[in-house]
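Inspection log for the structure reproduced underneath, given as structure tokens.
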Amino acid sequence: MDYKKMAEQILDGVGGKENVSMLTHCATRLRFNLVDDSKADEAKIQKVSGVSGVSNRGGQFQVIIGSDVAEPYKELKNMGVGGDDAAAEKPKEKKGIGTMIVDTLSGIFTPILPAITGAGMLKACLALLPLFGVSSETQTYQIISIMADAAYYFLPMLLAWSAAKKFQCNPCLALTLAGILLHPDLITMLAGEEAVRFIGIPVVKATYSSSVIPIILIVWLMSYVEKAAYKYVPKALRYFLAPLLVFLIVGTLGLLFVGPIGFVLGNGLIEIFNVLIDRASLLTMVLIGAFMPLIVITGMHHGFTPVTVALFATYGFDPIMFPAALASNISQAGSSFAVAVRAKDEDIKSQAASAGLTALMGVTEPALFGVNIRFKRPLYGCMIGGAAGAIFASIMHLKAYANAAPGLASFAMFIGEEKYNIVWAAITVVIALVVAFIATWILGGDYMKSSEETEAEAAAEISDDFDLTAPIQGKVVALEEVPDQTFASGMLGQGVAIIPEKGTIASPVTGTIANVFDTKHAIGIQGVNGEEILLHIGLDTVTLNGDPFQINVKAGDKVKAGDTIGKFSIDKIKKAGLETITPVLISNTDEFASIEPVIGKDVKIGDPIMTVHKKAKTEEV
């Protein structure tokens, strides 16, 4: 795999380096914060070799790669994409409160996941050491235990660093504030029987090791105090006075108010899960097992990260989230394997088999985006399998003892104090896999058809009358209004013209790209009804040598009505002093009985712009 080429193609698809304000990655996805989401071309990115899918959710533009995501990420960083300074330049955009929360949590927790995952797997390995004769009383065992506990105990410091990056403030100052919460002397003072007072105000006896919410709130407060300090402190005094004010103001408010509030919120979150564990564990796990694929699609799964971290910090294990996620992940493998067995197309077989193996290991994006969502019915199959596995996991009180993506590659995460926990995990895997496979097999789907059958069905659906839909958004006008006699006279065919409002181009029909002009200003499409379509973007735009145009298709590509096939810059065409009005023509008009255009309406992509009537059989003879 040429990761440099992949990175270049992805960068081109997201609108170039200047359109990326921040770039991170998780286990399987490149995560872009884009300056302008409208500049990203999802269809173009999905055609890049090695890309399994695209998702624009939770305030991030995500490109699903798979387990080798780190390689294109490195190439993009080598190109200088998404530097820290660029993040500050991104204009603020209005987002819903849910999107803002998910975006914030994702930005904070994604960078620290390797530390949490590594520590969690090390904890799982500890459970295996006694099997090899290593006693838990030995110093070797105890030191490894310290290694495993460090990431959780000092979790506020990890979060302080990542939160400072997300809130765009000084990470070193944030780490120091976390250090205050974890300072041994403060812990000793708060553990004593006497009340602790600071400037005459009682300090709440809270424990901040392994906590999540307090430090996030403190760093969020710090981001505002720091900006104010550097704004109002005289430049000559700023170097030492601004940090001093940050420590005094945020440190005081953090200890007396913000930290305790976060401590109470964190305990409240745990209490909620105590209730769920005691009274509604089965329902909760079934819902997670069934609907986790949909949660991942929306990007909302990052909202669960603080919950799982808090569960591990409180109980030492997770009795809900990861056991249900194990059933969901394995069920996606079961659905993909069913598709691989039943599909007639060799490419689909290969892709589904590969995605299924990856899902077995705990990485589900290739299966989710490349197979299950693509064919729809397998998605229902994996939801049924996930629910079935989650029911068993709940009944047997399955627990996860480490923080990792549940799957066979991380199966050690289910080894713990309970003797048969790993057995219950194995049975959960079998149930989810088998039920999802059977459900998907029964449901069937379009993947079972060969390419020849699909084309035959498309031909069978051809009707006597058919519509052409708007390839661009704008106002439809009569062809006679085009200020070019060649088009206005109908010499090149009948049709309509559109005065564009936006620069996205879609196919007006289902068919095959016949040709794309070298200057990219015109596209020919052969429709399934025999119609020959000509899209001519603007007038005399051939003189611009392709500069305003980005066309994502080539001759021979199959398209469906409404598929995005390119973009163009209205501003560039106008700046060149040219007309943007776009004729949409049927070149072989004589082969049809009549054309009924829709004139004078504002249309969006996909709205009908003309109805074409076929000739009667007697006329065709």
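The values are calculated or read from the model by the stated rules, or taken from the named source; none is laboratory data. Nothing here was measured: the structure is a model prediction, and the numbers come from that model. Cβ atoms come from the backbone with ideal geometry, glycine included; neighbour counts cover every protein chain shown. Side chains included, ligands, DNA and RNA excluded: accessible areas come from the protein's heavy atoms. Shrake-Rupley method; radii C 1.70, N 1.55, O 1.52, S 1.80 Å.
Of all residue pairs spaced 6 or more apart or on separate chains, those with beta-carbon atoms under 6 Å, a first member in the stretch 95-110 that is over 20 Å from V35 (Cα atoms) and hydrophobic (A, V, I, L, M, F, W, C) and a second member that is at pLDDT 70 or above and in a helix (DSSP H, G or I) are F109/T305.
On the basis of being under 11 Å from the mean Cα position of the chain (by Cα), within 17 Å of N552 (Cβ to Cβ) and modelled with pLDDT of 80 or more, does F32 make the cut? For F32, the condition - under 11 Å from the mean Cα position of the chain (by Cα), within 17 Å of N552 (Cβ to Cβ) and modelled with pLDDT of 80 or more - is not met.
Would you check if there is a residue in the stretch 320-342 being out of contact with any Phe, Trp or Tyr (no Cβ under 6 Å at 6 or more places or on another chain), charged (D, E, K, R), open to solvent by 10 Å² or more (accessible area, probe 1.4 Å) and at pLDDT below 95? Looking through the stretch 320-342, at least one residue is out of contact with any Phe, Trp or Tyr (no Cβ under 6 Å at 6 or more places or on another chain), charged (D, E, K, R), open to solvent by 10 Å² or more (accessible area, probe 1.4 Å) and at pLDDT below 95. When the stretch 525-543 is filtered for residues that are within 26 Å of G577 (Cα to Cα) and at pLDDT below 90, the ones remaining, listed by number, are D540, V542, T543. When L544 is tested against (1) under 35 Å from the mean Cα position of the chain (by Cα); (2) buried (at least 18 other Cβ atoms within 10 Å of the Cβ); (3) of a type in the set (A, V, I, L, M), only condition (1) is not met.
In the set E591, E596, only one residue is more than 23 Å from G503 (Cβ to Cβ) and touching a His at 6+ places or on another chain (Cβ under 9 Å); that residue is E596. Here is the figure for the stretch 425-443: residues that are under 25 Å from L131 (Cα atoms), in contact with a helix residue (DSSP H, G or I) (Cβ under 7 Å, 6 or more places away or on another chain) and surrounded by fewer than 21 Cβ atoms within 10 Å (Cβ to Cβ) total 1. For the stretch 549-597, filtered to residues that are β-branched (V, I, T) and over 30 Å from the mean Cα position of the chain (by Cα), the residue that is nearest to V14 (Cα to Cα) is I573.
Can you find a residue that is outside any helix (DSSP H, G or I), open to solvent by less than 60 Å² (accessible area, probe 1.4 Å) and of a type in the set (G, A, S) anywhere in the stretch 151-163?
Taking every residue of the stretch 151-163 in turn, none turns out to be outside any helix (DSSP H, G or I), open to solvent by less than 60 Å² (accessible area, probe 1.4 Å) and of a type in the set (G, A, S).
The number of residues in the stretch 215-246 being surrounded by fewer than 16 Cβ atoms within 10 Å (Cβ to Cβ) and in contact (Cβ under 8 Å) with a residue 60 or more places away in the chain comes to 0.
The single residue among A390, A400, A405, A409 that is of a type in the set (A, V, I, L, M), more than 17 Å from V435 (Cβ to Cβ) and crowded, with 22+ Cβ neighbours inside 10 Å turns out to be A400.
The lone criterion from (1) at pLDDT below 80; (2) out of contact with any Phe, Trp or Tyr (no Cβ under 6 Å at 6 or more places or on another chain) left unmet by T305 is number (2). Evaluated against (1) more than 17 Å from D590 (Cα to Cα); (2) open to solvent by 10 Å² or more (accessible area, probe 1.4 Å); (3) part of a strand (DSSP E or B), I523 falls short on exactly one condition, (2). Scanning the stretch 494-520 for residues that are closer than 16 Å to F568 by Cβ, touching a strand residue (DSSP E or B) at 6+ places or on another chain (Cβ under 6 Å) and either open to solvent by 10 Å² or more (accessible area, probe 1.4 Å) or of a type in the set (D, E) (or both) returns I499, P500, E501, G503, T504, V516, K520. In the stretch 472-493, which residues are under 43 Å from the mean Cα position of the chain (by Cα), buried (at least 17 other Cβ atoms within 10 Å of the Cβ) and not in a loop (DSSP other than H, G, I, E, B)? Across the stretch 472-493, the qualifying residues are G474, V476, V477, L479. Of everything listed in (1) more than 22 Å from A115 (Cβ to Cβ); (2) at pLDDT 90 or above, the single unmet condition for K376 is (2). Checked against (1) modelled with pLDDT of 85 or more; (2) surrounded by fewer than 21 Cβ atoms within 10 Å (Cβ to Cβ); (3) in a loop (DSSP other than H, G, I, E, B), E18 passes all but a single condition, namely (3). Note on the stretch 34-63: among residues that are out of contact with any helix residue (DSSP H, G or I) (no Cβ under 7 Å at 6 or more places or on another chain) and of a type outside the set (G, A, S), the one that is surrounded by the most Cβ atoms within 10 Å (Cβ to Cβ) is Q62. Put simply, of A206, A178 the only residue that is open to solvent by less than 80 Å² (accessible area, probe 1.4 Å) and within 25 Å of E226 (Cα to Cα) is A178. Of all the listed residues (L253, L282), the sole one being over 22 Å from V212 (Cα atoms), open to solvent by 30 Å² or more (accessible area, probe 1.4 Å) and modelled with pLDDT of 80 or more is L282.
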